[in-house]
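Each value in this text was obtained by applying a stated rule to the coordinates, not by laboratory testing. Predicted model, so just to flag it, every value in this text is computed and none were measured. Here the Cβ positions follow ideal geometry from the backbone for every residue, glycine too, while neighbour counts run over all protein chains shown.
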């Protein structure tokens with residue numbers, strides 16, 4: 001009973017904290033594109049992503065992030081990257097993600113990243129990024145980028161999409177990049193992109209687990225890391241349009257830290273509740 005009272009008090013305190021922060025500062029605006037490998041080995045990862053996008057989204061929202069979610073599938077029989085859903089809320093994303101397949105064997109991940117940034121030559125399915133939103137690109141794959149010269153995968157009119165072209169696109173669009181990968185061989189084509197664009201690489205094997213406790217913990221840790229990346233971005237770039245809210249006021253570093261602390265408190269409270277039950 002005492003634990004419940006303490007948690008209730010903590011919840012009230014966090015509610016007041018978020019209320020005060022939200023009155024002083026609007027949320028950081030970000031549009032997240034998740035790029036998912038559709039090769040034959042990725043079915044379990046796809047299911048776990050679909051079932052846990054709500055948890056991921058709730059952690060970002062609790063940290064003061066106004067996020068929308070889009071989905072790219074690539075590497076299926078058609079090879080060419082495709083829009084599975086335009087930017088939407090987590091619930092609609094989960095519904096759309098049922099349309100992912102696991103039947104291919106060629107994974108043009110660089111081309112898929114270019115597609116996510118609306119930059120494939122002749123691309124007609126364009127993501128509706130909000131004006132000024134911080135772009136977050138996250139790729140899930142168990143293979144290094146291959147087949148980037150596939151029909152319809154060209155960037156820059158040269159017949160294919162290269163690492164350097166993706167690197168330049170991420171820089172030009174001021175986008176953050178994360179990669180959820182299976183091993184060092186896969187990391188070869190994505191690790192440097194993540195390091196150069198504000199992100200990290202993560203272990204896909206945890207997302208591929210059939211143990212839902214492992215999957216849930218991975219999603220929590222990944223979302224916490226992504227939240228921190230976004231807060232860090234705005235601390236370093238306070239005049240970026242995604243970070244300038246509330247009638248043109250620049251977010252105060254203290255406000256960003258407060259939101260991050262509140263998110264941490266919510267995570268801690270959730271774990272305490274789990275132990276108590």
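What is the ratio of the Cα radius of gyration of region 147-213 to 2.2 N^0.38 Å, with N the residue count, to two decimals?
Values: Rg = 14.2 Å, N = 67, 2.2 N^0.38 = 10.9 Å.
For region 147-213, the normalised Cα radius of gyration comes out at 1.31.
When the chain is fully extended, how far beyond the present Cα-Cα distance does residue 118 get from residue 211, taking 0.36 nm per residue of separation?
Values: separation 93, 0.36 × 93 = 33.48 nm, distance 3.58 nm.
Working it through step by step, the gained length comes to 29.9 nm.
Restricting to bridges with both residues inside region 27-250, how much of the DSSP beta-bridge set is antiparallel, in percent to the nearest 5?
Working: 5 of 31 bridges.
So the antiparallel bridges amount to about 15 percent of the total.
I need the semi-axes of the equivalent ellipsoid of region 28-150: take the C-alpha gyration tensor, multiply each eigenvalue by 5, square-root it, list largest first in whole angstrom. Walk me through the numbers on the way to the answer.
Values: eigenvalues 106, 59, 24 Å².
Value: 23, 17, 11 Å, ordered largest first.
For region 27-250, what does the alpha-carbon gyration tensor say about shape, rounded, prolate or oblate, given a ≥ b ≥ c as the root eigenvalues, a/c under 1.5 as rounded, and a/b over b/c as prolate? Can you show the working numbers first?
Numbers: a/c = 1.57, a/b = 1.17, b/c = 1.34.
Oblate shape, in that a/c is at least 1.5 and b/c is the bigger or equal ratio.
Determine, from the Cβ-Cβ distance of residue 195 and residue 26 and an R0 of 22 Å, the FRET efficiency 1/(1 + (r/R0)^6), rounded to the nearest 0.05.
Working: r = 30 Å, r/R0 = 1.38.
E between residue 195 and residue 26, to the nearest 0.05, is 0.15.
Working out 0.36 nm times the residue gap between residue 164 and residue 232, then minus their Cα-Cα distance, what length gain in nm do you get to one decimal?
22.0 nm
Can you put 88, 124, 185, 113 in order, fewest other beta carbons within 10 Å first?
On the way: 88 16, 124 6, 185 11, 113 33.
Lowest count first: 124, 185, 88, 113.
If you stretched the chain out fully between residue 151 and residue 173, how much longer would it get, using 0.36 nm times the residue separation minus the C-alpha to C-alpha distance?
Details: separation 22, 0.36 × 22 = 7.92 nm, distance 2.47 nm.
Going from the current span to full extension adds 5.4 nm.
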